[in-house]
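Following: one structure in structure tokens, then a few remarks.
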Amino acid sequence: MSKCNRCNIKVKDDSLICPLCKGALSETEHVQPVYPDMFPKQQRMRLAIRIVTFCVVVGVVVLGIVNYMTYHGVRWSLVSLAGIAYLYFTFTFTAQPLADEQQKIIFQGVISAALVLAVDFSLGYEGWSVNIGIPVVVIATNITIFVFMMVRRRDWRSYIMPQLELTLLAAVELLLVSLEVVTWKLLTLVAVFTVLVQLFGIFMIGGRSTTLELNRRFRV
């Protein structure tokens, strides 16, 4: 506990400055905090993220230099960069204590789709990313949402929004099919079909609970 001699108030936390006059506080006695102090844990996490960021930047620069000095027609450093970026964003996002588990699922799916696109373009675009890679990511994400809904049945409504977001990604796939960017359509159509079936099942089986959850989310 600290005290401000000027304002004659006592401060129970670890503040060093008076909240009123902004003057220095004098410590009077040590009081065990009522709530656990979360700041050290957050500071350690921020430090870990800064260290990882530094290592990523150094690694990317080194890979770029090595690829430039040993270049023989293959930009393998871009593939490595895509993998490093995937791991970096996965670590930094999942390390955030306020990030919802449901949003982490969608984030992982989006980052995975971006990774396969980056690798495909880095090796000279051949289309396997949109024909196979992204549909597989969509199917895997859809299965992940289903598994979590089954395991955590009491909290299944919290996975409605990730399912809707995945449906938007499936709609983008349909757009790519209509624009003839996707040349092998079978796997894409299977991915879109599984997403729509699961979304339809949520509305049919969930019934009024699904409607109430959407009203709560969108403030309808």
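Below, the figures for the structure above:
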quantity	calculated
Sole exception among (1) surrounded by 15 or more Cβ atoms within 10 Å (Cβ to Cβ); (2) under 22 Å from Y88 (Cα atoms) for L166, by number	(2)
Which numbered condition A99 fails, given (1) over 30 Å from Q163 (Cβ atoms); (2) modelled with pLDDT under 70	(1)
All helices (runs of 4 or more DSSP H) inside region 113-220 with 1 or more residues being among the hydrophobic types (A, V, I, L, M, F, W, C) and at pLDDT 90 or above	134-151, 160-178, 186-206
Which numbered condition S112 fails, given (1) buried (at least 17 other Cβ atoms within 10 Å of the Cβ); (2) closer than 23 Å to N215 by Cβ; (3) not assigned by TED's automatic domain parsing to the domain that holds T194	(2)
Members of region 55-90 found to be surrounded by fewer than 15 Cβ atoms within 10 Å (Cβ to Cβ) and under 30 Å from I105 (Cβ atoms), listed by number	C55, V57, G59, G83, L87
Residues within region 75-92 that are within 16 Å of V57 (Cβ to Cβ) and either β-branched (V, I, T) or without any contact (Cβ under 8 Å) to a residue 12 or more places away in the chain (or both), tallied	3
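The values are calculated or read from the model by the stated rules, or taken from the named source; none is laboratory data. Keep in mind the model is a prediction, meaning the values are calculated, not measured. Virtual Cβ from ideal backbone geometry, glycine too; neighbours counted across all protein chains shown.
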